[in-house]
Amino acid sequence: MTQVPGPDNDEENDFERLHDAFDIDDPVFAERFEDALEHLVNRCPVAHGNASRGSYKVFNRYRDVRRCAQDWRTFSSSDGWMMEPPEGNIHILPEDSDPPYQTNWRRVLNPFFTAEAVDGLEDHARRYADDLVSAFVERGECEYVADFAAQLPGLILFKHIMPVPVADLPTLFQDIDIYSFGPLEERAAAFGRVYEYLQQFLKDRAQQAPQGDLVDILLAGVEREEGEMCPWEDKVHCALDVVFGGLATTTHAMAGAMFEMASKPEVRRAVMNDAGAMRTAVEETVRLYAPVVLVGRSAREDAKVGDVKVDAGQRIALNYAAASRDPEVCKNPREFDVTRSEVVHTAFGVGPHRCLGEHLARLEIRIAIAAFLDRIPDPELAPGTTPAYESGQLRTMKHMHLVWRP
Ligand code: HEM
C-alpha cells in the first residue's frame, strides 16, 4: 500500500481497510461511493487487493491510470477486464484482447460509432424519448430508471444499430433487464438466454443477403492472426460487448444526469438555455456517474508506475471512477459544475480500448435530459426517497422516484 499522510478522523478511518484489502464489492462503495473515491484518490494512490488469481494493485490517480491504460504492451487486456470473473465467464471482444487483434475489430466497428454516424440517430432517439415521456407525463410521477433510462439505449441499439426483429424486443429487453438489474441468482441464466439469442440472430442473418449494417461487419469477422480469420464464437463475443457495453452503462449515466437535474433547479435552467452548459453537463455526468468503475489488466513484464513496482504476471486495476476525481486534473472534483471550461476525465477509458460508443452515449444522455425537461421542467425527488445504487466493477442506479405537477 502507498499511503499519503492526511487528517486523522473517523470518516477517513472508515475507508482505511481499502488500502490493504481493497474489494470493489465492499458495501462502502454502494453506500458511500463519493467519499470512498475521494479518500482513495487523495490518501491512497495505490491500494492492494486480493482475488482468487492472486494479489493486485489498484491505481487511483489520473496520471497512473492514464499511463497504464495507454501502455497496452506492458498492461495487457487479454486476461479479461474482470478482477474476479464468475465461473464460465467468457471473454468479450474487443475489450478482452490486445492490438493487433483488438485494433482489427475497432477498425471495422468504429465507422458505425463516429460522431457523424451517431448524429444520424438523433431524430430517432428524440422520438423514442418523447414516446417514453408521453407514457407517464400525466401521472405526475415515474420511476426514472425502469420507465425511461433502462429503455432508451436499447431502443436505439436494437432498432438502428443491431436491428433485431421487433417482435423479439420485449423478451430480449426483459432478459437484459434481469441480467443488469434483477436478483443476483437469476442473472447468469438471463445472460445465457441473451447469449443464445444473439448467437441465433447472427446465424439467421448469415443466411440472409447483406444489409450494409453492423451485423454484416460482425459476420464478416476480422483476422485474429495474420492470414487466419477469427472463429465464430469471437463474432458472438463481439456482439455481446456492443450490447452489454452500451446499455446499463448509458442507463446509469442518464439516471445520474437526471438526479442532478431533479436536485438542482439552477443546473436544469442552465442546460435548457445554453447548449454549451448542456455539453458540459454531459461530460460532468460521465465523470461523476462513471458506470465503469474499474477495469483489470495483466502486467506482461516487470514495470514501474510512478515509484511503484509491478511484477510480470501481476494483475492491476485501473480505477477510472477515482481518476476522474483527481484534484490534479479537476478543481473541486465533487462538484457537478456546468461552467467548467474543460472537463478532464477517464470515464470512457484512455488508450486503445477507449469506449467504442462514447459519441452515442453522449447523444443519448443529452437527448434524455432535453426530452424530459422539455415536457417536465420541474421534476423533484419523491419526498422521503433517495436513489438506490448497486456497485461493483460496474455501477448502476437501481431506482429513482421522481414527482412533478402534472
Ligand atoms: C456512458 C456510457 C458509457 C461509458 C461510461 C462507457 C465506458 C467505457 C470504458 C471505460 C471503456 C474502456 C474499458 C477499458 O479500458 O478496458 C469502454 C469500452 C467499450 N465500450 Fe463503452 N461506455 C459507455 C457506453 C457505450 C456504448 C453506448 C457502447 C456501444 C453501443 C459501448 C461499447 C463499448 C465497447 C464495445 C468497448 C470495448 C472497446 C475496446 O475494447 O476496444 N459503450 N466503455
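Using the average count of surrounding beta-carbon atoms within 10 Å as a protection proxy, the listed peptides 182-188, 325-331 rank, highest first, as 325-331, 182-188.
Think of the chain as a dipole: +1 on every Lys or Arg Cβ, -1 on every Asp or Glu Cβ, centred on the Cα centre; then among T250, H401, P387, T250 lies furthest on the positive end.
Each peptide in 307-318, 265-276 gets a packing score, the mean of other Cβ atoms within 10 Å over its residues, and the list from highest to lowest is 307-318, 265-276. Under the convention that each Lys and Arg Cβ holds +1 and each Asp and Glu Cβ holds -1, the size of the dipole of the range 277-339 around its Cα centre is about 140 debye.
To the nearest 20 debye, what is the magnitude of the charge dipole of the chain about its Cα centre, counting +1 on the Cβ of each Lys and Arg and -1 on the Cβ of each Asp and Glu? Spell out each step's value before the answer.
Details: 43 positive and 68 negative charges, 154 e Å.
Dipole of the chain, to the nearest 20 debye: 740 debye.
Picking from G245, G154, G212, which is most flexible by a Gaussian network model of the chain using Cα springs under 10 Å? Greatest mean-square fluctuation among the candidates belongs to G212.
Pairs from the table (K159/K235; K309/K398; K57/K331; K264/K331; K235/K398; K159/K203) lying more than 29 angstrom apart at Cα are K309/K398; K235/K398. Using the charge dipole of the range 1-128 (Lys, Arg: +1 at Cβ; Asp, Glu: -1 at Cβ; taken about the Cα centre), state which of M82, T103, F22 has its Cα farthest towards the positive end. My answer, from the dipole projection, is T103. Each of P210, Y128, C230 was scored by the projection of its Cα onto the charge dipole of the chain, and the greatest displacement toward the positive side belongs to P210; charges sit on the C-beta of Lys, Arg, Asp and Glu.
Within straight cross-link reach of K304, meaning Cα distance under 17 Å, which aspartates and glutamates are found once same-chain residues fewer than 8 apart are removed? Candidates past the 8-residue exclusion: D64, D71. The distance separating the Cα centre of the range 41-66 from that of the range 322-350 comes to 19 Å. Here the contact order of the chain, divided by its residue count and restricted to Cα pairs under 8 Å and six or more residues apart, works out to 26 percent. Between the range 123-137 and the range 187-237, the alpha-carbon centres lie 31 Å apart.
Read-outs: derived from the displayed coordinates by stated rules, not from any lab. All figures in this text were calculated on a predicted structure; none of them were measured in a lab. Positions of Cβ are backbone-derived with ideal geometry, glycine not excepted, and every protein chain shown enters the neighbour counts.
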